[in-house]
1. Of V33, L255, P272, which is farthest towards the positive pole of the chain's charge dipole, taken about the Cα centre with +1 and -1 on the beta-carbons of Lys, Arg and Asp, Glu respectively?
2. Over region 3-98, what portion of Cα pair distances is larger than 17 Å, expressed as a whole percent?
3. What are the ³J(HN,Hα) couplings of region 187-194, residue after residue, when phi is run through the Karplus curve with 6.51, -1.76, 1.60 and θ = phi - 60°? Round to Hz, x for glycine and proline.
4. Give me log10 I(q)/I(0) at q = 0.21 Å⁻¹ for region 114-210, Debye formula, one equal scatterer per alpha-carbon, no solvent.
5. If we sort 55-65, 196-206 on the protection proxy, mean other Cβ atoms within 10 Å, highest first, what's the order?
6. When the dipole is taken about the Cα centre of the chain, and only Lys, Arg (+1) and Asp, Glu (-1) are charged at their Cβ, what size is it in debye, to the nearest 20?
7. How charged is the neighbourhood of A186? Take every other residue with its Cβ under 11 Å from the Cβ of A186, and add Lys/Arg as +1 and Asp/Glu as -1.
8. Take the Cα atoms of the chain, find their three principal axes, and give me the spread along each one in whole Å, biggest first.
Amino acid sequence: MTGSGRDERAGEVREFLSIRRARLTPQQAGLPVFGGNRRVTGLRREEVALLAGMSIDYYIRLERGNLSGASDAVLDSLSHALQLDDAERAYLYDLARAVTASERRRPVATGRIRPVVLRMLDAMTDLPAYIRNGRFDILAANSLGRALYAPVYDSPLFAQRGPVNTARFLFLDPGSADFWAEREKAANDSVAFLRAETGRSPQDKVLTDLIGELCTRSDEFARRWAGHAVKFQHSGVKRLHHPLLGDLALPYEALDPPADPGLRITVYSPVPGSPERRALDLLAGWTGSTALER
């Protein structure tokens, strides 16, 4: 890792740990509070060190961004002290691995999708499905998936460049406010997922360029990015507003194929007999049955 890369990683560690320390009060951590004149609302550094079972000097070293040589036991203790959730804990581990030059890097997704996966996607004739990478590039979609995401595919952003990217659409196309019924949640989730991806793929230059572009062109993105939120989510309900079908609340599952690291298959599966199921049946009648790559 270059000197500038190490400095950047150290800055990310410093901001991540200080933000997590500031959000946790002594009461939440189970610590006694003596007196009412605290300079900080969150935990002090010495309180985190106490909770993590380490010296204050060592914790200060960690919070300054030096995770080199930190063992799994140290990272576990720190995660427990700061009450990190699974996504935050994984991100901390990724940051620690990134400063170790000998660590094997996670391969960057090539964008090539195996024919068997495309056939599987095409076989889902009644369920919208698409494949994306960690940068939110949609690399392939079946007919119903493409029809569901028609506002994204039709965005002027992608008329001269590709691939279709839902993060760019969300933050750079004003029309995205009409497509995502819960736009605030979609924006928060997208930034948190991208932050987690930077931890997993620190040497993905295309990802770094995307983050730089969004920070430069969208104050909304830059403000959220500064919060260092990270998140995992493999299932839930996505609320969309389709120009032809209206409001839809679609349950989804996100699957990470083991043979294709860095890729994710998202499938929407509405409840049988629901308004969403009827709406998708209507949409399916207007589409063919082909898994399309961008």
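A short reminder: the numbers here are calculations on the coordinates, not readings from a lab. What you are looking at is a predicted structure, and each value in this text was computed from that prediction instead of being measured. Glycine also receives a Cβ, built like all others from the backbone with ideal geometry; neighbour counts cover every protein chain displayed.
1. Positive-end residue among those listed: V33.
2. In whole percent, the share of Cα-Cα pairs in region 3-98 beyond 17 Å is 47.
3. Result, rounded to whole Hz: 5, 4, 5, 4, 5, 5, 5, 5.
4. For the requested q values the scattering log ratios are -1.18.
5. My ranking of the peptides, most packed first, is 196-206, 55-65.
6. 500 debye
7. Once positives and negatives cancel, what remains is +1.
8. Taking max minus min along each principal axis of the Cα atoms, the chain gives 66, 43, 33 Å.
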